[in-house]
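S.K.: One structure, as C-alpha cells, below. Some questions next.
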Amino acid sequence: MDALRKPNCANSSPLTPLGFLERAATVFGNCPSIVYNNLTYTWTQTFRRCLQLASSISRLAIQRGDVVSVLAPNIPAIYELHFGITMTGAIINTINTRLDARTISILLRHCESKLVFVDYQLTNLIREAVSLMPDGCRRPQLVVIVDDAPAAQSVRSDQFINTYEDMVETGDPGFNWVRPDSDWDPLTLNYTSGTTSSPKGVVNSHRGTFIVTFDSLLEWHVPKTPVMLWTLPMFHANGWSYVWGMAAVGGTNVCLRKFDVNIIYDTIRNRHVTHMCGAPVVLNMLSQGSPLEHTVRIMTAGAPPPAAVLLRTESLGFDVTHGYGLTETGGLVVACSWKKEWNRLPATEKARLKARQGVRSAGMTEVDIVDPESGVSVTRDGLTQGELVLRGGCIMLGYLKDPEATDKCIKNGWFYTGDIAVMHPDGYLEIKDRSKDVIISGGENISSVEVESVLYMHPGVDEAAVVGRPDEFWGESPCAFVSLKDGVVAPTTDEMVKFCKGKLPGYMVPKSFVFKKDLPKTSTGKIQKFVLRKIAKDMGFVTKSRI
C-alpha cells in the first residue's frame, strides 16, 4: 500500500479554475455567457475571446508570475480578463474603482504591475496614478477598454498602447493557454477592501480558488445555467469566486456598469434573474422596492446583516442566504445552512437565525471560536466571545511582501480572522464585531453590531453604524451615526435614547447620535468605521453631564 500513496502524472495534475471555461465552451457552448445592454455572448464566443486576449497579452512579454491589473466596473471586459490574464500564467490584480489616484499608485508600485487594463471612464484616474509613481520606478503599460457609448469614443489614445477590443480581435484563437506548474502557483492578488487605512495584498493560489469555487456553488445550491446579476463588484475578491463559478455551471453573467435600484428591478424582470450577491447595504436598498414576480436568490456577506433588513428583503420575494468569507479566503467559507424545521418558525425568529453566520462550508477543514491569548475554544453558550479562526485549503498563500503580517494572522495551524464571535449551543457561530470595532465602556465590551441591529428596528432608520467616542467618565461610549429614510424628520437624541433603552442594557445605549445623509462606505458596501471613529474622536469627550 505504501507504493500506492505516491502521486503519479495521471493523478497529480494541478487544480485550477481556468479549466471551467474550456469545459463551458463544450457543455454550454450555445448558452448565453455574458449579457450587457444589447450585447450577448455565448460560452463558445467567450472562450474564444479569452484565448485571443491571452495571446495578445503574451505578445507584450507578460510571463508566468507577472502581475496584470484591471481597473473597471462590472462590464464584460472584467469578466473576460479574469480568464484572459491568468491563461498566460500571469496573476490578475483587480483594483477597487473608488480608490483615489495616490492609493492606486501605491498599489501598482507595490505589486510591480506590468500592464493595466482601464475602463474609459477611469482614464484620468489611471493617468494621475501613474504620474505619481517616483522617477526610476518601472511604470506599467496601459490598455484602454472602450465602451460602445458615444463618450467613450473621445478618449485620448496617448499613453495607451492599445484598446481592449483590438487586443481581442488580433489575438490567436488557437492559443495554447498556460497551465499552472503547481496547485500552489499564485492566481490572484487582491488588496483588502479599505475598511482600515492600510490595505494588504492577498495572494490566492489556483488550488485555493478551485476549492472555494466548488465549495461556494455547493453551499448556495447553485444549479446549472443560472442567471447571475452582477450587483457585487467583480473586483471584490473576484466576485466571491462566482466569476469562476459561473463558468463551472454555464451561468449567464448579466453585467451592470453602475448600481441603480430601479435598473436592478427592471433587469430582474426582463432578464429573469435567478441569483445575485451583495453586502447588507445592497439588501437595505433592495428592501425599499416592490414585490418580485419570481423568487430571486441572493447571497449576502461582508458584514452581519440586521435581522430587520433580512425580514424586509425576504418579504418582497428575495430568498436570502447569509454567508461569511474574507479576501484572505477567496470566497465564502461559512454559511447559515438552513434547516427545514426552521421554516415553521415566526418570520422574526427566522430572520434572527438567518442573521447568524452559521457553520463551516463542506470544503473547510475546521472553524472554531477561541480565546485569542490561549487558543482554547470558548464555551458554546452563545455568550462567551472569542476570535474566529479558520483552517482549510482555500486560505491565502499570504500577504505580498509582508511576512510579518502573514505570520501575525497565520499561526498555530490556524488563520486568525480578527473577527469577534460566539458559538451557539447548536454549533452555529455568530459574529459580534471586528476586534478593532469592539467598544470598551467602563470595562464592559459592547458589540457595535448588536447596537446597530436595534437601531435598524427604528422605522425611520435607513442605515446605522456605531463606534466608540471618548467619554470623560467611561473611557469611551457608543456613538451612533444614522442616516434616515427619505422624508423622515430627524428624531432628537432623547427620542433615540428612549427607543434603544427598551431593547438594550443601559451601558450599550448610545450616548450620542449623529444624523448624516450618507455614511462613508467602501465600494463593496462596507461602512468605513475608521472614518467615523475619527469624526467621533474629533467631536471630543462625552461629558459627565451627558451620561
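S.K.: With F175, F235 as the choices, which residue is in a loop (DSSP other than H, G, I, E, B) and touching a strand residue (DSSP E or B) at 6+ places or on another chain (Cβ under 6 Å)?
M.R.: F235
S.K.: So, restricting to strands (runs of 3 or more DSSP E) that lie completely within the stretch 401-484, which ones have at least 2 residues that are under 23 Å from A355 (Cβ atoms) and at pLDDT 90 or above?
M.R.: 414-423, 429-434, 461-471, 475-484
S.K.: Still on this structure: What about F499, is it more than 20 Å from V282 (Cα to Cα) and touching a His at 6+ places or on another chain (Cβ under 8 Å)?
M.R.: Yes: the conditions hold for F499.
S.K.: Sticking with this structure for a sec: Quick check, is T417 hydroxyl-bearing (S, T, Y), surrounded by 15 or more Cβ atoms within 10 Å (Cβ to Cβ) and under 22 Å from M539 (Cα atoms)?
M.R.: No; evaluated as a whole, the condition is false for this residue.
S.K.: What residue, among those in the stretch 245-270 that are of a type in the set (S, T, N, Q) and surrounded by fewer than 16 Cβ atoms within 10 Å (Cβ to Cβ), is modelled with the lowest pLDDT?
M.R.: Out of the qualifying residues, it is N262.
S.K.: I've got another one for you. Restricting to the stretch 401-424, count the residues that are over 19 Å from the mean Cα position of the chain (by Cα), on the phi > 0 side of the Ramachandran plot and in contact (Cβ under 8 Å) with a residue 24 or more places away in the chain.
M.R.: 2
S.K.: Taking the conditions exactly as written (assigned to a helix (DSSP H, G or I), β-branched (V, I, T), under 30 Å from M457 (Cα atoms) and touching a residue at least 40 places away in the same chain (Cβ under 8 Å)), does V281 satisfy them or not?
M.R.: Answer is yes for this residue.
S.K.: So which residues in the stretch 337-385 are surrounded by 19 or more Cβ atoms within 10 Å (Cβ to Cβ) and either on the phi > 0 side of the Ramachandran plot or in a helix (DSSP H, G or I) (or both), if there are any at all?
M.R.: Within the stretch 337-385, A351, L353, K354, G358 meet the criteria.
S.K.: Moving to a separate point now. Somewhere in the stretch 321-334, is a residue at pLDDT below 90 and either touching a strand residue (DSSP E or B) at 6+ places or on another chain (Cβ under 7 Å) or part of a strand (DSSP E or B) (or both)?
M.R.: No, there is no match, as no residue in the stretch 321-334 is at pLDDT below 90 and either touching a strand residue (DSSP E or B) at 6+ places or on another chain (Cβ under 7 Å) or part of a strand (DSSP E or B) (or both).
S.K.: Could you please let me know if E169 is surrounded by fewer than 19 Cβ atoms within 10 Å (Cβ to Cβ), at pLDDT 95 or above and either under 17 Å from I78 (Cβ atoms) or of a type in the set (S, T, Y) (or both)?
M.R.: Criteria not met by E169.
S.K.: I'd like the full set of residues that are touching a strand residue (DSSP E or B) at 6+ places or on another chain (Cβ under 6 Å) and among the β-branched types (V, I, T), limited to the stretch 468-508.
M.R.: V482, T493
S.K.: Hey, another quick one. What's the total number of residues in the stretch 310-330 that are within 19 Å of the chain's Cα centre (by Cα), of a type outside the set (D, E) and at negative phi?
M.R.: Of the residues in that region, 10 qualify.
S.K.: In the stretch 351-378, what count of residues is obtained for those that are without any contact (Cβ under 8 Å) to a residue 12 or more places away in the chain and under 26 Å from S453 (Cα atoms)?
M.R.: 0
Residue-wise test of (1) of a type in the set (S, T, Y); (2) within 26 Å of S435 (Cβ to Cβ); (3) in contact with a Gly (Cβ under 8 Å, 6 or more places away or on another chain); (4) surrounded by 14 or more Cβ atoms within 10 Å (Cβ to Cβ).
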| site | (1), (2), (3), (4) |
| --- | --- |
| V467 | no, yes, no, yes |
| E472 | no, yes, no, yes |
| C479 | no, yes, yes, yes |
| T493 | yes, no, no, yes |
| C500 | no, yes, no, yes |
| K516 | no, yes, no, yes |
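S.K.: On to the next question. State whether one or more residues within the stretch 4-19 are farther than 20 Å from N176 by Cα, without any contact (Cβ under 8 Å) to a residue 24 or more places away in the chain and in a helix (DSSP H, G or I).
M.R.: Checking the stretch 4-19: at least one residue is farther than 20 Å from N176 by Cα, without any contact (Cβ under 8 Å) to a residue 24 or more places away in the chain and in a helix (DSSP H, G or I).
S.K.: State the number of residues belonging to the stretch 386-400 that are on the phi > 0 side of the Ramachandran plot and charged (D, E, K, R).
M.R.: Within the stretch 386-400, residues that are on the phi > 0 side of the Ramachandran plot and charged (D, E, K, R) number 0.
S.K.: While we're looking at this one, here's another question. Hey, any hits in the stretch 191-213 for a residue that's closer than 26 Å to N30 by Cβ, at pLDDT 95 or above and part of a strand (DSSP E or B)?
M.R.: Checking the stretch 191-213: not a single residue is closer than 26 Å to N30 by Cβ, at pLDDT 95 or above and part of a strand (DSSP E or B).
S.K.: List the residue pairs whose Cβ atoms are under 8 Å apart, where the first residue sits in the stretch 76-100 and is free of Cβ contacts under 8 Å to residues at least 24 places away in the same chain, the second is outside any helix (DSSP H, G or I) and among the charged types (D, E, K, R), and the two are 6 or more positions apart or on different chains.
M.R.: Final answer for the pair search is none.
S.K.: Now a separate question. What number of residues within the stretch 268-278 are within 22 Å of the chain's Cα centre (by Cα) and either assigned to a loop (DSSP other than H, G, I, E, B) or free of Cβ contacts under 8 Å to residues at least 60 places away in the same chain (or both)?
M.R.: 6
S.K.: Which of the numbered conditions does G427 fail, given that it passes all the others? Conditions: (1) surrounded by fewer than 15 Cβ atoms within 10 Å (Cβ to Cβ); (2) small (G, A, S); (3) assigned by TED's automatic domain parsing to the domain that holds F541.
M.R.: Here G427 clears every test but (3).
S.K.: Among residues belonging to the stretch 531-547 that are modelled with pLDDT under 85 and in a helix (DSSP H, G or I), point out the one that is farthest from S441 (Cα to Cα).
M.R.: S545
S.K.: Only residues that are touching a residue at least 40 places away in the same chain (Cβ under 8 Å) and part of a loop (DSSP other than H, G, I, E, B): list them for the stretch 20-39, please.
M.R.: F28, C31, N37
S.K.: Let me ask you something else. What number of residues in the stretch 509-530 are closer than 15 Å to A480 by Cα, modelled with pLDDT under 90 and among the polar types (S, T, N, Q)?
M.R.: Number of matching residues: 1.
S.K.: Which one is surrounded by the most Cβ atoms within 10 Å (Cβ to Cβ) among residues in the stretch 8-45 that are among the hydroxyl-bearing types (S, T, Y) and over 21 Å from V254 (Cβ atoms)?
M.R.: The extreme case among them is T16.
The values are calculated or read from the model by the stated rules, or taken from the named source; none is laboratory data. For clarity, every value in this text was computed on a predicted model and none was experimentally measured. When we count neighbours, we look across all protein chains shown, and the Cβ atoms used for this are built from the backbone with ideal geometry, even at glycine.
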